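Only one structure is covered here, and it is reproduced in the block below.
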Amino acid sequence: MSRTPFDSIYRHGCVRIAVCVPTLRLGNPIQNAAQRIELAARADKLHAAVAVFPELGLSGYSNEDLFHQDALLEARSTAATSWASREVPDGARATGRGLTEWRSPTQPGDQHMADTIRGVDYFYLTVPDKPGEGARVLNVLKEAGVNLLAFSGFPERRRTQLDFFPEDPAAFKQAAKRAKWRVVGPKRGFLVQGDDRVGAAAELLERLGAARINVTAIDAVSVNGRYGAIFWVAPKDVKKTAALLGAA
């Protein structure tokens, strides 16, 4: 029996979506970010689960040569950080949270789409360091229908530590319980996905370093023009990292 009230739209498989149509000021990302935050706050107050904004909603489309001007690029970067943390200088703030993704003008010659960054739960398990252990563990998850967003393994004191980033943490925990695994977690990590390009990981680490956030570990891979990375920070830096990068 669902605990969701009968008169809730979510009880019946529906979702409330807010389509936000801001009045943009070309070349004024700070003002546009403030308006976006105000609309996000209104959507949150109306209990919308998803708020949709237009592409290039911080800078506007018709900036032509201004897209290559440092002033606009720097203002866009400041506005993007404001939107990610839901804060602007005049104090406006939106309480809604969720996956943040935006497309914005980039440095000249760099026309990739923006990266998508989100916080994800992960668990780890130690197993004997011998052939076939990885296959044995992954087959258990396969038979349970558990999909992984990322998986990593490395030697740890004559054993092997396996890190799991499940798409559905609840399903993973059930499978681990049935298999009688002694897993540790959930802990929090971050998953990054974007167009492959020279310096993608350097850009990410530069932002974190500038904010004085130390990265505990990172793994990255590129496949068919796309790249993905998983990284960890100290527990005390998780909220700061999420705000900086606009992660859920």
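The values are calculated or read from the model by the stated rules, or taken from the named source; none is laboratory data. Since the model is a prediction, treat every value here as computed from it, not as a measurement. Note: ideal-geometry Cβ built from the backbone for every residue, glycine included; neighbour counts use all protein chains shown. Accessible surface is based on the protein model in full, side chains and every heavy atom, while ligands, DNA and RNA are left aside. Shrake-Rupley method; radii C 1.70, N 1.55, O 1.52, S 1.80 Å.
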Name the pairs whose Cβ atoms lie under 8 Å apart, with the first residue in segment 217-239 and on the phi > 0 side of the Ramachandran plot, the second open to solvent by less than 70 Å² (accessible area, probe 1.4 Å), and 6 or more positions between them or separate chains?
-> 225/195
Segment 112-211: helices (runs of 4 or more DSSP H) wholly inside it with 3 or more residues that are under 25 Å from residue 227 (Cα atoms) and open to solvent by less than 30 Å² (accessible area, probe 1.4 Å) are 200-210
Out of the residues in segment 38-64 that are more than 27 Å from residue 8 (Cβ to Cβ) and in contact (Cβ under 8 Å) with a residue 40 or more places away in the chain, state the one that is farthest from the chain's Cα centre (by Cα).
-> 63
Report, by residue number, each residue of segment 212-226 that is outside any strand (DSSP E or B) and of a type in the set (A, V, I, L, M, F, W, C).
-> 213
State whether one or more residues within segment 227-242 are part of a loop (DSSP other than H, G, I, E, B), open to solvent by 70 Å² or more (accessible area, probe 1.4 Å) and out of contact with any strand residue (DSSP E or B) (no Cβ under 6 Å at 6 or more places or on another chain).
-> no
Would you mind finding the one in 30, 37 that is modelled with pLDDT of 80 or more, within 25 Å of residue 239 (Cα to Cα), in contact with a helix residue (DSSP H, G or I) (Cβ under 7 Å, 6 or more places away or on another chain) and among the β-branched types (Val, Ile, Thr)?
-> 37
